[in-house]
Amino acid sequence: MSQNAVPTGLGALVPLGAAFHPVEHPGPTRTYAFILVPGFTLLAFASAVEPLRIANQLSQQPLYAWEILSEDGAPVAGSSAIPVGVAGKIGPRPKETRLFVCAGNPAMAAAAPGIVAAVQRHHRFGGTVGGICTGTVALAQAGLLAGRRFTLHWENQVAFAETFPDLKPTDARFETDGRIVTCGGGAAATDLMLAIVAADHGPAFAAIVSDMCLRPVMPGVEAHQRSSTAALMASRNPVLIASVNLMNRHIDSPLSIDDLAEAAGYSRRHLERLFRDATGKTPGEFYRGLRLDRGRNLLATTDLTLLEIATACGFETTSHFSKSFRSRFGVAPTLMKKGRKGAASGA
C-alpha cells in the first residue's frame, strides 16, 4: 500500500477547487468514522466533516478519509428531520481510525448499547474516540471519562450532571485528553477539527482551511471574511504584511525584489531573511507562488485562454507559465483546464 493509499471501506474526497495550498509531507491518510445517532445535530456533523473535505481540496491530496455509520446501517434522521445515508452499520475499525459519535437531542440516545459497545471496543484496542455535541454521553456510558477533561453542549450539561454525578464537563468549546476528544457541537466542531488539522499539518495550513470556511482564524478578533495576511503567514511582522499586500496588488506586473525592499525601507538581504524566517521561502519564491495560485484560480473559475491567464499572472510566455505551474501543482495547466471542462459537461 502506498503512503497515501486509502484504507479499504473508507472514501477520501479530493474535489477540485480554485484555492490551493500544498502540503509537502502529508504522511498517510488519516481516517475517521462518524456514528450518527437519531436526532444528531446536522450543523455539528457538517462542521466536523467539511474541514476535512476542505483540507483535501486545498492540498489536492487525500489527507483525510471518512465514512458514516449508524447502529443498524439504516439512514439516520437528524435534528432537522433530514435523513442522512450511511455506509453501513457499526463494526470493528482499525485502531488508527478516529471514531466519533455525533448526537443531539435526546441526549441519552447516544447511550444505545450498540454504540456504547463500539466506543468501548475501539478505545480498548488503542483507538481514539470522540463525542460531538451529546455524543459525549456515549463515552460517559462507556466508562471512559473518569479523570478526563471533556465537554458537551451547554444546554445538556445540567441533565448530564444528574445522570453522571461523578463526571464534571468543562465549559470549553472542545477538549482533547489523550485518546478522548469531545466538543460542544455546533460551530465548535469546526474549532475542534481545525485544531486537529493544525496538529496534523501545521497551523499555517489550518489557517487556510479556516479561511475557506469563511471563519476567522481568531474568533472575535478578525471581523472580515478573509483572515489577515499576517495570520496566514503565522506572522505579525508589519514589513511582511505590507510586502505581501504589495505583491498581491502587483500580480499582473510583478515588482522586483529590490523594489519591494525599497518600499519596505529595508535592504534586500534583510527582506530575504524576514521571508525565510516566516515562510521558509525567498521573497521571489513566495511571490511566484502567489502568482501561480492566482493562475490556478483563474483556470478553475474562468474560460480565459492560457495566454490571458499567463499574462494576468505576470508571465511573459505561456511556456514559462506552464513550466512553473507544473512544477508547483504537479499537473499541466492545459490538463487542469480540460479536466474542469469535462467535469462541467458531465464527462
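Some notes on this structure:
- When residue 251 is tested against (1) part of a helix (DSSP H, G or I); (2) modelled with pLDDT of 90 or more, just one condition goes unmet, and that condition is (1).
- Selection status of residue 90, under 24 Å from residue 124 (Cβ atoms), among the aliphatic types (A, V, I, L, M) and either surrounded by 22 or more Cβ atoms within 10 Å (Cβ to Cβ) or modelled with pLDDT under 95 (or both): yes
- Here is the figure for the range 269-295: residues that are of a type outside the set (A, V, I, L, M) and buried (at least 16 other Cβ atoms within 10 Å of the Cβ) total 12.
- Residue pairs meeting the criteria (Cβ under 6 Å; at least 6 apart or on separate chains; first in contact (Cβ under 8 Å) with a residue 60 or more places away in the chain and surrounded by 19 or more Cβ atoms within 10 Å (Cβ to Cβ), in the range 96-113; second among the charged types (D, E, K, R) and not in a helix (DSSP H, G or I)): 112/71
- The range 134-149: number of residues that are part of a helix (DSSP H, G or I) and among the hydrophobic types (A, V, I, L, M, F, W, C): 4
- Set 99, 152: member being under 24 Å from the mean Cα position of the chain (by Cα) and either of a type in the set (Phe, Trp, Tyr) or not in a loop (DSSP other than H, G, I, E, B) (or both): 99
- Looking at 126, 131, just one residue is within 26 Å of the chain's Cα centre (by Cα), within 19 Å of residue 191 (Cβ to Cβ) and outside any helix (DSSP H, G or I), and that residue is 131.
- Screening 137, 84 for residues that are assigned by TED's automatic domain parsing to the domain that holds residue 187, over 24 Å from residue 196 (Cα atoms) and among the hydrophobic types (A, V, I, L, M, F, W, C) leaves exactly one candidate, 84.
- Residue count, the range 157-175 (criterion: in contact (Cβ under 8 Å) with a residue 24 or more places away in the chain and either part of a loop (DSSP other than H, G, I, E, B) or under 24 Å from the mean Cα position of the chain (by Cα) (or both)): 4
- Residue satisfying condition, being outside any loop (DSSP other than H, G, I, E, B) and either crowded, with 21+ Cβ neighbours inside 10 Å or of a type outside the set (Val, Ile, Thr) (or both), within set 81, 65, 74: 65
- Residue selected from the range 146-173 under the condition surrounded by 15 or more Cβ atoms within 10 Å (Cβ to Cβ) and in contact with an Asp or Glu (Cβ under 9 Å, 6 or more places away or on another chain), by the criterion nearest to residue 193 (Cα to Cα): 173
- Within the range 207-222, none of the residues are touching a residue at least 40 places away in the same chain (Cβ under 8 Å), buried (at least 16 other Cβ atoms within 10 Å of the Cβ) and over 14 Å from the mean Cα position of the chain (by Cα).
- Only one entry of 163, 136 meets the criterion of being of a type in the set (S, T, N, Q) and over 23 Å from residue 67 (Cβ atoms), and that entry is 163.
The values are calculated or read from the model by the stated rules, or taken from the named source; none is laboratory data. The model shown is predicted, which means the values in this text are computed figures rather than measured ones. Every residue, glycine among them, receives a Cβ derived from its backbone with ideal geometry; neighbour counts consider all protein chains shown.
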